[in-house]
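Colleague: Quick one: the structure is below, questions incoming.
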């Protein structure tokens, strides 16, 4: 997960093998220093099988 400025916020899953198809990964809303991230827009990068995709997500803390 990256900030809009391109800074790495956290690697949520790394080195875990997932099956083809739909997978669900839960994230606790914390950065790599265990602090809750600020409200805002983030980019999630998904990599696997020699391919990658970026998706934009919004975070809104209550």
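The values are calculated or read from the model by the stated rules, or taken from the named source; none is laboratory data. Quick caveat: nothing in here was measured; it's all calculated off a predicted structure. All Cβ positions, glycine included, derive from the backbone under ideal geometry; neighbour counts span all protein chains shown.
Colleague: Could you grab me the full set of residues in region 1-50 that are loosely packed, with under 12 Cβ neighbours inside 10 Å and closer than 21 Å to residue 62 by Cβ?
Modeller: 26, 28, 29, 34, 35, 36, 38, 39, 41
Colleague: Out of region 27-62, which residues are in a loop (DSSP other than H, G, I, E, B), out of contact with any strand residue (DSSP E or B) (no Cβ under 8 Å at 6 or more places or on another chain) and at pLDDT below 90?
Modeller: Answer for region 27-62, where residues must be in a loop (DSSP other than H, G, I, E, B), out of contact with any strand residue (DSSP E or B) (no Cβ under 8 Å at 6 or more places or on another chain) and at pLDDT below 90: 49, 50, 62.
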